[in-house]
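Here the structure comes first, spelled out in structure tokens, and everything after it is commentary.
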Amino acid sequence: MSHQCLLVAIVVFITTEAVSGNTEVVKAVGDEVSFGPDKPPPPPVSSITWKHIKDGDTVKAIEWEDGEKLIPNPRFKDITDLDTKTGQITITKLTVEHSGVYTIDISLKEQAQRYTLTVMEPVPKPVIKIEPSDNPGVVYLICEYSDKIIWRNSTGETLTGSAHHPKGKFITVRKEGNPEIFYTCTLQNTVSEETSDRVYERDLFKGFEKPILTNKFVIWISIVVICLVFILLFLFIPPLHGSCAARCERQKTSRK
Ligand SMILES: *[C@@H]1O[C@H](CO)[C@@H](O)[C@H](O)[C@H]1NC(C)=O
């Protein structure tokens, strides 16, 4: 008899485990989410409670009892609502803090359905960094992010990037002689996608067309000018002071 009980218990356990759904939901920060029990709770319903389990802590997200909705936890205040007919919970203005497992009790009985919510930061709009190479007809375009990176050119074709340290990907761009060609970098995660501004070929090889404006040239000119200024200061200023002082001294004595 006790064996039969155990067997029944195991069968019940296995079937409830199989039936109980754990639904994974992924949302971006600022989004809204709604989820509910598989079926609307059959009347009569005395109470509905949604619980939030995060890092082993369980709090009540929203509770409906005696015709009154209660939101005891500040994490859910002003952004959470409950449809008492369907049992559906809605949370707006999601933050990373709302990630975790959600369970529902109907008339104090925990339901099989539960939801695992992951709230992610959306990716930022990427900015392409341009780095010159030793070859003036070749530059490197760098996108420094840890999310998924997709490089494209103006024909919309995907370009294969290489790993950039410590993070991101770069592509090697050769001057094609068409100033209208452009390149973009797109970041992607589960909840969002952002594409950089276009970088046109005409903005990449300015130094190539007018080599006189290269950085090296400007740096050399600056160094020469600074050196000249120092040489002038050291060589000419002290003697000038000295000779003036001597002259003034002479003038004073001559006036006496
Ligand atoms: C874009 O990239 C593809 C693949 O590398 C290449 O065949 C195509 O010529 C490129 N188009 C332009 C306009 O650069």
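Here are the numbers:
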item: Length gained when the stretch ASP203-LYS39 is fully extended (0.36 nm per residue, less Cα-Cα span); result: 53.1 nm
item: Karplus (6.51, -1.76, 1.60) ³J(HN,Hα), θ = phi - 60°, over region 65-82, in Hz, Gly and Pro reported as x; result: 8, 6, x, 10, 9, 10, 10, x, 9, x, 4, 10, 4, 6, 10, 10, 9, 9
item: Descending semi-axes in Å of region 22-120, equivalent ellipsoid built from Cα gyration tensor; result: 21, 14, 12
item: Distance histogram for region 129-213 (every C-alpha pair counted, 5 angstrom bins, percent rounded to whole numbers); result: 3, 14, 25, 25, 17, 10, 5, 2, 1, 0
item: Eligible lysines near LYS125 by straight Cα distance, threshold 25 Å, same-chain separation 8 or greater; result: LYS27, LYS93, LYS148, LYS167, LYS169
item: Contour excess over end-to-end distance, with Cα ends at TRP220 and SER162 and 0.36 nm allotted per residue; result: 17.6 nm
item: Dimensions (Å) - region 89-145, Cα atoms, principal axes, largest first; result: 74, 20, 13
item: Set of aspartates and glutamates with alpha-carbon distance to LYS69 below 13 Å, sequence-local pairs under 8 removed; result: ASP78, ASP81, ASP83
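Rule-based calculations on the coordinates, nothing more; no lab input. Bear in mind the structure is a predicted one, so any value in this text is a computation, not a measurement.
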